[in-house]
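Encoded as structure tokens, the structure appears first; notes follow it.
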Amino acid sequence: MWQPYILMLAVEAEGLVKFFGQVAALRGLSMKAPGGVSGLIGPNGAGKTTTIHILAGLVRPTRGSARVLGFDAVRESTEVRRRARFVLEDQELPRHMEVRRFLEHAARLCGGEPRDARDALKAVGLWEYFQRVIGSLSAGML
Ligand SMILES: Nc1ncnc2c1ncn2[C@@H]1O[C@H](COP(=O)(O)OP(=O)(O)OP(=O)(O)O)[C@@H](O)[C@H]1O
Ligand SMILES: [Mg+2]
């Protein structure tokens with residue numbers, strides 16, 4: 001029996017242009033990333049971080065559009081951040097705080113409960129670091 005289905009793209013960008021003053025960070029990027037694992041690779045200064053910032057709604061493109069999980073990255077960025085998680089390079093984390101305290105606080109900010117923090121750590125195999133201070137974690141753990 002024939003059944004209609006929709007293949008949702010995780011990311012879809014169309015003609016993204018970004019200028020920082022005179023500097024062109026993106027000159028018309030179009031791309032499609034399906035679900036599953038994808039990588040964005042390119043030389044230093046190619047515009048990868050700028051692209052991720054646009055997808056996360058942190059930077060507004062000069063021209064063009066992007067969708068994440070079907071939502072407009074500019075106009076519906078709240079919906080995007082409700083569903084997608086972005087791990088950025090420069091994270092300003094409180095180095096002296098225990099992992100546990102930080103994650104429980106984050107859980108509350110997201111409308112959850114402290115136990116969600118434990119569940120999340122268990123899910124990514126980092127349960128044993130619950131009591132550590134953030135500053136003692138490796139880059140990958142962060
Ligand atoms: N806030 C900013 N102000 C001015 N120029 C910027 C700014 N952010 C990025 N750029 C410029 O935009 C271009 C793309 O930078 P971007 O950080 O997106 O590159 P990248 O692909 O992430 O590089 P890398 O591999 O080194 O991380 C570079 O020329 C960079 O100098
Ligand atoms: Mg970068």
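Report, by residue number, each residue of region 1-26 that is modelled with pLDDT of 90 or more and either more than 16 Å from ligand 2 (Cβ to nearest atom) or surrounded by fewer than 10 Cβ atoms within 10 Å (Cβ to Cβ) (or both).
Of the residues in region 1-26, the ones modelled with pLDDT of 90 or more are 10-26.
Scanning region 1-26 gives Ala10, Val11, Glu12, Ala13, Glu14, Gly15, Val17, Phe19, Gly21, Gln22, Val23.
Does region 58-77 contain at least one residue that is aromatic (Phe, Trp, Tyr), within 16 Å of ligand 2 (Cβ to nearest atom) and surrounded by 11 or more Cβ atoms within 10 Å (Cβ to Cβ)? Before the answer, list the steps.
Taking region 58-77 as the starting set, the residues that turn out to be aromatic (Phe, Trp, Tyr) are 71.
Going one step further and asking which of them are within 16 Å of ligand 2 (Cβ to nearest atom), we end up with none.
No; the residues of region 58-77 include none that is aromatic (Phe, Trp, Tyr), within 16 Å of ligand 2 (Cβ to nearest atom) and surrounded by 11 or more Cβ atoms within 10 Å (Cβ to Cβ).
Among the residues of region 41-55, is there at least one that is more than 12 Å from ligand 1 (Cβ to nearest atom) and of a type in the set (Gly, Ala, Ser)? Scanning region 41-55, I find no residue that is more than 12 Å from ligand 1 (Cβ to nearest atom) and of a type in the set (Gly, Ala, Ser), so the answer is no. Under the condition of being in contact with a strand residue (DSSP E or B) (Cβ under 9 Å, 6 or more places away or on another chain) and either within 13 Å of ligand 2 (Cβ to nearest atom) or of a type in the set (A, V, I, L, M, F, W, C) (or both), the residues counted in region 78-101 number 4.
Condition check: in a helix (DSSP H, G or I), more than 16 Å from ligand 1 (Cβ to nearest atom), free of Cβ contacts under 8 Å to residues at least 12 places away in the same chain and closer than 30 Å to Glu14 by Cβ. Does Arg82 satisfy that?
Working: in a helix (DSSP H, G or I): yes; more than 16 Å from ligand 1 (Cβ to nearest atom): yes; free of Cβ contacts under 8 Å to residues at least 12 places away in the same chain: yes; closer than 30 Å to Glu14 by Cβ: yes.
The answer is yes for Arg82.
Apart from one condition, Ser30 fits all of (1) more than 30 Å from Val133 (Cβ to Cβ); (2) within 16 Å of ligand 1 (Cβ to nearest atom); the exception is (2). None of Arg100, Arg108 is of a type outside the set (Gly, Ala, Ser), part of a helix (DSSP H, G or I) and more than 19 Å from Arg81 (Cα to Cα) except Arg100. Of all residues in region 27-57, those satisfying the criterion of being assigned to a loop (DSSP other than H, G, I, E, B) and near ligand 2 (Cβ under 10 Å from one of its atoms) are Leu40, Gly42, Asn44, Gly45, Ala46, Gly47.
The values are calculated or read from the model by the stated rules, or taken from the named source; none is laboratory data. Note that the structure is a prediction, hence the values are computed from the model and not measured. Using ideal geometry, Cβ is built from the backbone for each residue, glycine included, and neighbour counts are taken over all protein chains shown.
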